[in-house]
Amino acid sequence: MQFMLLFSRQGKLRLQKWYVPLSDKEKKKITRELVQTVLARKPKMCCFLEWRDLKIVYKRYASLYFCCAIEDQDNELITLEIIHRYVELLDKYFGSVCELDIIFNFEKAYFILDEFLLGGEAQETSKKNVLKAIEQADLLQEASVCLHAGFPPSVLSESFLCSLDIAGVFRRVKLD
Amino acid sequence: MPAVSKGDGMRGLAVFISDIRNCKSKEAEIKRINKELANIRSKFKGDKALDGYSKKKYVCKLLFIFLLGHDIDFGHMEAVNLLSSNKYTEKQIGYLFISVLVNSNSELIRLINNAIKNDLASRNPTFMCLALHCIANVGSREMAEAFAGEIPRILVAGDTMDSVKQSAALCLLRLYKTSPDLVLMGEWTSRVVHLLNDQHMGVVTAAISLITCLSQKNPEEFKTCVSLAVSRLSRIVSSASTDLQDYTYYFVPAPWLSCKLLRLLQCYPPPEDGAVKGRLVECLETILNKAQEPPKSKKVQHSNAKNAILFEAISLIIHYDSEPNLLVRACNQLGQFLQHRETNLRYLALESMCTLASSEFSHEAVKTHIETVISALKTERDVSVRQRAADLLYAMCDRSNAKQIVAEMLSYLETADYSIREEMVLKVAILAEKYAVDYSWYVDTILNLIRIAGDYVSEEVWYRVIQIVINRDDVQGYAAKTVFEALQAPACHENMVKVGGYILGEFGNLIAGDPRSSPLIQFNLLHSKFHLCSVPTRALLLSAYIKFINLFPETKSTIQEVLRSDSQIRNSDVELQQRAVEYLKLSSIASTDVLATVLEEMPPFPERESSILAKLKKKKGPGAVSTELEEGKRDGGELNGGAERGVDAAAAIASNASTPSPSADLLGLRSAPPVGSAAPSASSLLVDVFSEAGPTAPSGVMDDNFLRFVCKNNGVLFENQLLQIGIKSEYRQNLGRMYLFYGNKTSVQFVSFSTSVSCPGELQSELNIQAKQVEPQVEGGAQVQQVINIECLADFLEAPLLNIKFRYGGALQNITLKLPVTINKFFQPTEMSSQDFFQRWKQLNLPQQEAQKIFKAKNAMDSEVLKAKLLGLGTALLENVDPNPENFVCAGVIQTKAQQVGCLLRLEPNAQAQMYRLTLRSSKDTVSRRLCELLSEQF
């Protein structure tokens, strides 16, 4: 995998992970082009597309797009499930994860990703083992603080995995 | 309700993030950020030492600001300080900041490396993992230098924790990708391979990515991984869905590991050991069988994971390309997916079938799905799926279905998405040419193409139709008739006018017998389009008119009238004006005989690979979509520029020649007119089509002996009554030295003796040549020596030119020769085993990587002579590789400064037929073609 981007339906970048050396300028250019391309696609279109000499695999969970760029010989379907496993990990860690969790705890999202993928390859695919590693690290930390309880519910707080119910997602889209 | 965050919170950070989110405008956001940056800066600069928590909080804020898209130019030092904190969370934030924000050439890298070194040595697995993650995330050369030696040790040490091993394996992979020269596996190889047997599935999952990458580069050293991978795969495939506990994903056992194992096996040919191979075939069959079983879950994750393995297995089957049974089963499976309700599966099935179509075993099976694919092209709602369908139709096309496929693609083109039209046009043009049984069909197809999608028809396409019409006299009459009809349309595309103008100018006489297309009607039809066209097209039409005057004397007065009109002869465009003036003059002063010679029909073009194919290959290359247009434009420019250069060079030589071409003055079309076959039409446009063949040897250059030096380095390059030139040369890697010996055969001194070596056109950037000066006098009977140093920068096609000038008895002598520097001179021979040879041969399987020629023997077919020639070529002659002992196979690497190009060669003599078949494969298409061209003249 060459990079992974998480961005919102409004095109705001929420997380970026680059596994190939690129300048900041190139990264920004790629992000801009790709966000535009993916957002322009209609629902129900297939999750894969050719882009430059890469294959893009993306999937939308509630308000957030998860988007991976892989190389020619890489497997699209297994990449789609990499995305899903990452969502599951976030969900398990945060408990019904939503976009706000990733905004306010971006560093945690990075830590979980590093335990799961390293150098663009799956490092540990067992959900239990990844979470064990993260929880061990958390044990080393000070007391936990409640962060954003009390924010008004919005699309951002829509849980990703609940929205796997496709119809729900579309209802949401229309409401907005 | 929003979730509650776990772990360590930073109140200040959360408040800052909320503030940013509450900003109503971009300006407000920037204001808030600047305020925060000022605050952090003052804290970092302040006298009071910050505690770890505050440092962590501020560094994290900076990170957040950076991720919002703003530049951050401070805080690095504080982040580095955090690395040496003994509080885990502080260390972790420090590492995150470094991973995201420190680029490789930062001067901080030494400090960072120090902190990493300490953590790696700490024996605390959590710290070690953090350090390894950081190395993997940054992956710079400096880090490789510092840690590439240490990490393999951590990876294979008996007492390393599993999680650390996993990080170490992938960390090493990243370093290997950035700096392969620094990661030396050597002694560790076998222990790394044996990680495939590790009890911990996570360790295997991580290690296999490393092993796959290393195997691609050093297949021989890692080949023991094949049997290990097969047995691991077999255990997973045959396990029940619950056996692997947490490594089972939605009832699919270890899907990621299975895919990676299948991917690793694709680095190797089928296992030679029968037992291993049997086991593997069994696995593949089981995977295919499972696809037919009812799903264990309705969740899409289940079917995705299962099908991911299936597609990877099919890739392996295609890679082996040796099990007809499996290939056909794979094809049937993909056929089912073609009609699946999941768009993703339809997309992947189309993509995967494209590769199946090129296997001889499954090509026919793929063809049976033609109707489904055509309907996909028509009905799929997603353009990326339609694109795949078009690709597959192109791949499955052969003589039997070409007409149907071309017709479908043409009708699709009428409504096709703009983004894929140009590529579709190229594909149709290629198929039409490749499978044309009768050329009238070809002409119809291309003209249809111009009619339907004229804007997307690039110059290559219409050049090509003209080349083909000119080279095939059986289609010329039909072509003339068809363009004539096409031009009747009230609005036709300018490309149609170009083709029409050119073809009627050459072959209008073939239809002039019909009163409906009499010469005058033809002319009026062309001229009715004239005013709507751009300058280059008008220029082309003017050339067509002068050709009309030659073909049909009865049109002369009408056309002269047109040329004489103010709008032509006083046209503000210099090119048009010049043509009008010159053609008018030419038509009035030249006799019919002269006209007939000057405006003779174009000679056939040399047969060569379609330039359209080259264009498609380029399009498919890594070029970004957005730059495609610019590239096209630039290329167009170069093509014209190149043509001009070619003509100028020819002109220069002609004017330098001691006996100027007699036609030069007569033509008077240019101050220094080109000579040879390009002369008659002197219009740069017509010449374009012609000179697109690449700079052919300009007349005046002698190259009789050039080919004799392909397989040898020493000999006599040139000899006439006055002068003899001998050559001695030696080459090493991408460098060469050539000694030229000029011998004065007369008893009189040569004066003003000078030589120069030039690299025409593109060669300038491909060869670097330095020639030492020679003395300006050569005494009678004496010999002078000149040393030439050659550096090969990139692979090249043309030869440098050597020009020699001197005076002998008052007369100026001027000789231009091709210097025998050919691409094969930079060969480095490569010895390899039979297995290696065929494996590499198979890897170079793209059609453009191969060049092949079948030709008649020019000399006796003596195997010793052949061997000597092949050795002279510079390659290694490989014994006992080809199963047929009559055949010769060779291998070598061409060394250029820019890259190395591996080449494989096979020469198959057929003594009965007195023929040879020569096949070359290399990683670069131009190299294969050039070598094939050079070598086919040698035997």
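Only the coordinates and a few stated rules stand behind these numbers; no lab work does. Being a predicted model, the structure only gives us computed values, none of them experimental. Cβ atoms come from the backbone with ideal geometry, glycine included; neighbour counts cover every protein chain shown.
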- [ ] Could you order peptides B:69-75, B:439-445, A:18-24, B:456-462 by the average number of other Cβ atoms within 10 Å of their residues, highest first?
- [x] B:456-462, B:439-445, A:18-24, B:69-75
TODO: Ignore the peptide's own chain and count Cβ atoms of other chains within 10 Å of each Cβ in A:106-114; give me the average, rounded.
DONE: 6
TODO: Pop a pseudo-label 7 angstrom from the Cα along the beta-carbon direction at both B:Arg235 and B:Gln912 and give the gap in nm to one decimal.
DONE: 5.5
- [ ] Set the Förster distance to 56 Å, then compute FRET efficiency between B:Thr368 and B:Leu520 from the Cβ-Cβ distance, nearest 0.05.
- [x] 0.55
Task: Helix-only mean residue ellipticity at 222 nm for chain B, each DSSP H run of n ≥ 4 adding -39500 (n - 2.57), per residue, nearest 500 - done: -17000 deg cm²/dmol
- [ ] Within 10 Å of each Cβ in peptide B:808-819, how many partner chain Cβ atoms are there on average? Round it to a whole number, please.
- [x] 0
Open item on the list: Tell me the angle of helix B:125-138 to the major Cα principal axis of chain B, expressed in degrees between 0 and 90 and rounded to the nearest ten.
Closed with: 20
Task: Low-density loop cleavage sites - trypsin sites (Lys or Arg not before Pro) in the range B:506-605, where at most 14 other Cβ are within 10 Å (DSSP) - done: B:Arg570
Open item on the list: To the nearest 20 Debye, how big is the dipole of the protein assembly as shown about its Cα centre, given +1 on the beta carbon of each Lys and Arg and -1 on that of each Asp and Glu?
Closed with: 2780
TODO: Find how much the distance from B:Ala121 to B:Cys533 grows on full extension, using 0.36 nm per residue of separation minus their present alpha carbon separation; answer in nm with one decimal.
DONE: 140.7 nm
Open item on the list: Using only the Cα atoms of the range A:3-124, what are the Rg and Dmax in Å?
Closed with: 13.6, 37
Task: Listed peptides B:139-146, B:46-53 by packing density, highest first (mean Cβ within 10 Å) - done: B:139-146, B:46-53
- [ ] Pairs to check: A:Lys17/B:Lys91; A:Lys132/B:Lys296; A:Lys28/B:Lys165. Give those whose C-alpha atoms are more than 24 Å from each other in this structure.
- [x] A:Lys132/B:Lys296; A:Lys28/B:Lys165
Task: Cross-link partners of B:Lys858 among lysines (Cα-Cα below 18 Å; sequence separation of 8 or more within a chain) - done: B:Lys712, B:Lys867, B:Lys869
Task: Hits among aspartates and glutamates - C-alpha to C-alpha of B:Lys87 under 17 Å, sequence gap 8 or more where chains match - done: A:Glu107, A:Glu135, A:Asp138, A:Glu142, B:Asp8, B:Asp51, B:Glu78, B:Asp119
Open item on the list: Working only with C-alpha atoms, what are the Rg and Dmax values of the range B:5-150, expressed in angstrom?
Closed with: 16.1, 52
- [ ] Give B:Lys434/B:Lys842; B:Lys378/B:Lys427; B:Lys615/B:Lys924 a once-over and call out the pairs whose C-alpha atoms are over 22 Å from each other.
- [x] B:Lys434/B:Lys842
- [ ] For chain B, compute Rh as the Kirkwood radius over C-alpha pairs and then the Stokes-Einstein diffusion coefficient at 20 °C and 1.002 mPa s; write the answer in µm²/s, rounded to an integer.
- [x] 63
- [ ] Work out the FRET efficiency for B:Asn713 and B:Thr242 from their Cβ-Cβ distance, taking R0 = 51 Å, and round it to the nearest 0.05.
- [x] 0.15
Open item on the list: Taking only Cα atoms of the protein assembly as shown, what ratio of Rg to Rh do you get with Rh as the Kirkwood inverse-distance radius?
Closed with: 1.02
Open item on the list: Per-residue Cβ counts within 10 Å, from other chains only, averaged over A:80-93: what number is that?
Closed with: 3
Open item on the list: Could you check the spin-label model distance between B:Gln266 and B:Asp398? Points 7 Å from the Cα along Cα→Cβ, value in nm.
Closed with: 2.4
Task: 0 to 90° range, to nearest 10: angle between helix B:574-589 axis and chain B longest Cα axis - done: 30
TODO: Quickly work out the B:Ala857-to-B:Ser25 label distance, labels modelled 7 Å from Cα along the C-beta direction, and quote it in nm with one decimal.
DONE: 8.7
